[in-house]
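Single-structure report; data block below.
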Amino acid sequence: MDFNNTEIAFSGKSNTDLKRSYWLFKIIGWSWLIKLGPVLLKIFMPLWFPIPIIKATIFKQFCGGESIEECENTIDELSTLNVKTILDYSVEGKEEESVFDANVEEALSAIKKAKSNPNIPFSVFKPTGFGRFDLLQKINNKQPLTQNEEAEFDRIKIRIDKMCAAGFDADIPIFIDAEETWIQNPVDDIALEMMRKYNKEKAIVYNTAQMYRWDRIAYLKELKIIAENEGFYIGMKLVRGAYIEQERERAQKMGYNDPMQKTQENTDKDYDLAIKFCVENINKIALCCASHNEKSNLLLVDLMKEHNIDIDDNRIYFAQLLGMSDHISNNMGKGGYNVAKYVPYGPVKDVTPYLIRRAEENTSIAGQTGRELALILSEQRRRKSI
């Protein structure tokens, strides 16, 4: 597996696409500008004039479209590279009950689309798209709920169950995305309940483990014991994590034990241990390695060989975000592995907070933007030499 083959990595990109990507990653590398992003959005977004600029640049790079229908071209283009699509409705920050219900209907539409298109192997939802953040935090803290809050939490569980049931009926596995640590416990509890209900024959419901948490190896081991004792399968998506700066700041401000690993090396170590643990228990655990880290992807390739697991075994998937790490996704697709891109979509105005968060993640990952820039420059030089 050669991740340095930029001809394959950027085979779906025109010279214009490469230039746009280059300047986008160059700008994303300016951490001071990215940190100003949320402030600038609050000032200028009500005026609407940033929308066309955002749509032609960062949205075009990292999103498939404003609707499922608009994602068709992206789905088709990825499929020509043997890369599949995970449609991710990425609207964030709205907490009205009507919006939660609308989000469920959108997620159900994505399942329906996946059922009719073999290039969409999974569906996904974010729990805070189905329920109020502050309520989940209150439950996480084990605070007593009012009668109205009990009813509200029941509605969250009903929405999630509706999603998982639809995935079960359509035979489309469901990813439950991870949240901040201070609301993750009720998410883990609901995910366990859904696995008990829908994973009796195989993994349909997948929870997500953020391995920058020092407690996630223990969580995986405990979950395996429960699954063995109760007779269900585990679905697990492994990520490094998305909220490290705010996690550390909150822990320091509120004076509790930092839930994050002390070093990046510890995160990498636990991520790779989690991959190894899942592969060693492949008859009980289905795995999605959602990583932009070359070493972790190569480790999983080696482990599959070591354990005689076919490269297209549907219990193992690799995944990256659209617009990033094409050198991993496309070379793995060319090699015949199960690989998919997370393809965010939604109205530009509503998806922009998600895009800002992704940009912030890029600036906080050492070498991420530099690697993207180096690969693009390498491909541009290759094309000029032809």
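The values are calculated or read from the model by the stated rules, or taken from the named source; none is laboratory data. Keep in mind the model is a prediction, meaning the values are calculated, not measured. Because the Cβ atoms are built from the backbone with ideal geometry, glycine has one as well, and the counts that use them run over all protein chains shown.
A few notes on this one:
- Among the conditions (1) touching a strand residue (DSSP E or B) at 6+ places or on another chain (Cβ under 9 Å); (2) modelled with pLDDT of 95 or more, Gly335 misses just one, which is (1).
- Residue match in the range 231-244 (condition: surrounded by fewer than 14 Cβ atoms within 10 Å (Cβ to Cβ) and either touching a Cys at 6+ places or on another chain (Cβ under 9 Å) or in a helix (DSSP H, G or I) (or both)): no
- Residue that is nearest to the chain's Cα centre (by Cα), among those in the range 311-350 that are more than 16 Å from Asn4 (Cα to Cα) and without any contact (Cβ under 8 Å) to a residue 60 or more places away in the chain: Gln320
- Residue match in the range 40-60 (condition: β-branched (Val, Ile, Thr), modelled with pLDDT of 95 or more and in a helix (DSSP H, G or I)): no
- Selection of the range 181-214 for residues being charged (D, E, K, R) and touching a Ser or Thr at 6+ places or on another chain (Cβ under 9 Å) yields only Arg213.
- Looking only at the range 126-140, and only at residues there that are free of Cβ contacts under 8 Å to residues at least 40 places away in the same chain and part of a helix (DSSP H, G or I), the one that is farthest from Gln320 (Cα to Cα): Lys138
- Residue within the range 105-112 that is assigned to a helix (DSSP H, G or I) and under 30 Å from Asn331 (Cβ atoms) present: yes
- Among the residues of the range 297-322, those identified as buried (at least 22 other Cβ atoms within 10 Å of the Cβ) and within 30 Å of Phe59 (Cβ to Cβ) are Asn297, Tyr317, Phe318, Ala319, Gln320, Leu322.
- Checking each residue in the range 261-296 for being farther than 30 Å from Glu201 by Cα and either crowded, with 20+ Cβ neighbours inside 10 Å or acidic (Asp, Glu) (or both) picks out Gln261, Glu265, Thr267, Asp268, His292, Glu294.
- Check on Ala218, farther than 22 Å from Ile111 by Cβ and either without any contact (Cβ under 8 Å) to a residue 12 or more places away in the chain or not charged (D, E, K, R) (or both): yes
- Some residue of the range 240-251 being touching a Pro at 6+ places or on another chain (Cβ under 9 Å) and under 30 Å from Asp17 (Cα atoms): no
- Annotation: of all residues in the range 150-159 being among the hydrophobic types (A, V, I, L, M, F, W, C) and crowded, with 17+ Cβ neighbours inside 10 Å, the one that is farthest from Arg315 (Cα to Cα) is Phe153.
- Asp169 vs. criteria within 24 Å of the chain's Cα centre (by Cα) and without any contact (Cβ under 8 Å) to a residue 24 or more places away in the chain: yes
- Residue selected from the range 91-103 under the condition buried (at least 19 other Cβ atoms within 10 Å of the Cβ) and at pLDDT 90 or above, by the criterion nearest to Ala165 (Cα to Cα): Asn103
- Of all residues in the range 198-223, those satisfying the criterion of being touching a strand residue (DSSP E or B) at 6+ places or on another chain (Cβ under 8 Å), under 17 Å from Ala170 (Cβ atoms) and either part of a strand (DSSP E or B) or not hydrophobic (A, V, I, L, M, F, W, C) (or both) are Tyr198, Asn199, Lys202, Val205, Tyr206.
Here's the yes/no breakdown for (1) in a helix (DSSP H, G or I); (2) surrounded by fewer than 21 Cβ atoms within 10 Å (Cβ to Cβ):
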site	(1), (2)
Ile120	no, no
Val124	no, no
Lys142	no, yes
Asn148	yes, yes
Asp161	yes, yes
Cys164	yes, no
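- If you filter the range 1-26 down to residues that are in contact with a Ser or Thr (Cβ under 9 Å, 6 or more places away or on another chain) and either part of a helix (DSSP H, G or I) or without any contact (Cβ under 8 Å) to a residue 24 or more places away in the chain (or both), you find that the one that is nearest to Tyr337 (Cα to Cα) is Ala9.
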